[in-house]
Amino acid sequence: MSRTVHCVKLDKEAEGLATLTYPGELGKRVYEQVSKEAWQMWLGHQTMLINEYRLTPIEPKARKFLEEEMEKFFFGGGSEAPKEFVEPEK
């Protein structure tokens, strides 16, 4: 049976994550307050950030940036795309 959370990103009750997806206090907050659907949204946004800023996620500076953006994405005012980013046509 899946667990439900009140998702802070979607502002609704939704299926929660099955496991911790990120370490530390931020990971615990995400597990407790973020839905699977919102987590998938973050993964897409994170991929865009990595590609647009040409980040190497194993570098500490890049990881810190991504962690700060994750915090903003879920619990702050939102994580912005770079000014030059153009949404791909579907």
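The table for this structure:
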| read-out | value |
| --- | --- |
| Subset of segment 8-25 [under 11 Å from the mean Cα position of the chain (by Cα) and either in a strand (DSSP E or B) or over 16 Å from Gly77 (Cα atoms) (or both)] | Thr21, Tyr22 |
| Search result, residues across segment 70-90 that are part of a helix (DSSP H, G or I) and either touching a Leu at 6+ places or on another chain (Cβ under 6 Å) or touching a residue at least 24 places away in the same chain (Cβ under 8 Å) (or both) | Met70, Glu71, Phe73, Phe74, Phe75 |
| Residue within segment 57-64 that is outside any helix (DSSP H, G or I), in contact (Cβ under 8 Å) with a residue 12 or more places away in the chain and exposed (fewer than 12 other Cβ atoms within 10 Å of the Cβ) present | no |
| Residue list for segment 28-51, filter: surrounded by 13 or more Cβ atoms within 10 Å (Cβ to Cβ) and either over 9 Å from the mean Cα position of the chain (by Cα) or touching a residue at least 40 places away in the same chain (Cβ under 8 Å) (or both) | Arg29, Val30, Tyr31, Glu32, Gln33, Val34, Ser35, Lys36, Glu37, Met48, Leu49, Ile50 |
| Subset of segment 12-26 [crowded, with 16+ Cβ neighbours inside 10 Å and at pLDDT 95 or above] | Ala14, Gly16, Leu17 |
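The values are calculated or read from the model by the stated rules, or taken from the named source; none is laboratory data. All values reported here derive from a predicted model rather than from experimental measurement. Cβ: placed from backbone, ideal geometry, glycine included. Neighbour counts: every protein chain shown.
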